[in-house]
Amino acid sequence: MSDHGDLPDQAEQRLEQLEAAEERYEEGRRLDRRFELYEAILLSLAAVLAAWAGFQSSQWSGQQADAYNRASEQRVEAAQASDRSGQEQIADLVTYTEWLAAAEREGLFDSAVQTDDGEYEPNPELLAGFLYQRFRPEFEVAVDAWVATSPSDNPDAPPTPFGMKEYVLASDQDELAHEQAAEAAADEARTAGDRSDDYVLMTILFATVLFFAGISSKMDTARARVLLLGVGAVTLVVSGAVVLAMPKSW
């Protein structure tokens, strides 16, 4: 009789065990769903930020290429201006040599024809005057200033008009301007390249977050999942803050 009396108690205990097991199972399922939600949020945010970082990296790479192209174009322009400057100086030197020889033969420096303000007035009927009229405007200014220094009598006068401060070639100024523009474009290209590299690094960090969130779903213990999600979340927050503060390109 006692055995039969114990059966209801055993059935009740068994029922309680089953209910407790079911409750633990449901609690585990609820916890697993929460973990899945957190993992989904982490994966989504990391994927969006990784795509944004990749987009910014490509944009800065494009700016780098454009800036290097501009730098190359400016250097080509500078080289052409340098060639023009060399050609102009040769032309000035040839005409100056011929003019100087004619001027000496015609006694220009013995009795230079000057106006009251000291400016040289060429005689177009003489060879020196004929050659003078063929000076380039930039060189003519320097010759006038040089003649005004009385180079035949003044030991402090520059030996040639090429040493006068008035001898300034526009092509030299163009060359300098193009060189400066090329250097500025090259600096811009280097800056854009550095920013592109920074965004590549951020893309790698976001990929790390994706790894942590993905591997978390394969863990069997809640502690391991919490640890992986925590590391991923911290990495995401820090990397996201850095990306938001970085320069943008549109």
Each label point is 7 Å from the Cα along the Cα-to-Cβ direction; what then is the distance between the points at Ala177 and Val237, in nm?
5.5
Could you check the simple spin-label distance between Ala47 and Gln133, using points 7 Å along Cα→Cβ, in nm with one decimal?
8.4
Quick note on Thr95, Thr203, ordering by fewest other C-beta atoms within 10 Å, gives Thr95, Thr203
Once both label points are put 7 Å beyond Cα along the C-beta direction, the Asp32-Glu166 separation in nm becomes 9.6
Rounded to a whole number, what is D in µm²/s for region 127-176 from Stokes-Einstein with the Kirkwood radius over alpha-carbon pairs (4 °C, 1.567 mPa s)?
110
Fewest-first sequence of Val94, Val226, Val243 by Cβ atoms within 10 Å of each Cβ:
Val94, Val226, Val243
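Using the number of other C-beta atoms within 10 angstrom as an exposure proxy, rank Leu176, Leu126, Leu228 with the fewest first.
Working: Leu176 13, Leu126 16, Leu228 22.
Ascending number of Cβ neighbours within 10 Å: Leu176, Leu126, Leu228.
Rounded to the nearest 0.05, what FRET efficiency is calculated for Ala91 and Asp197 with R0 set to 45 Å and r the Cβ-Cβ distance? Mind showing how you got there, number by number?
Values: r = 49 Å, r/R0 = 1.09.
Efficiency, from the Cβ-Cβ distance: 0.40.
I'd like to know how region 41-245 sits against the 2.2 N^0.38 Å rule of thumb: what's its Cα Rg over that expected value?
On the way: Rg = 34.5 Å, N = 205, 2.2 N^0.38 = 16.6 Å.
Working it through for region 41-245, the quotient is 2.07.
Any read-out appearing in this document is the output of simple, stated calculations on the displayed coordinates, not a laboratory observation. All of these numbers come straight from a predicted model, not from anything done at the bench. Reconstructed Cβ throughout: ideal geometry from the backbone, glycine too, with neighbour counts over all protein chains shown.
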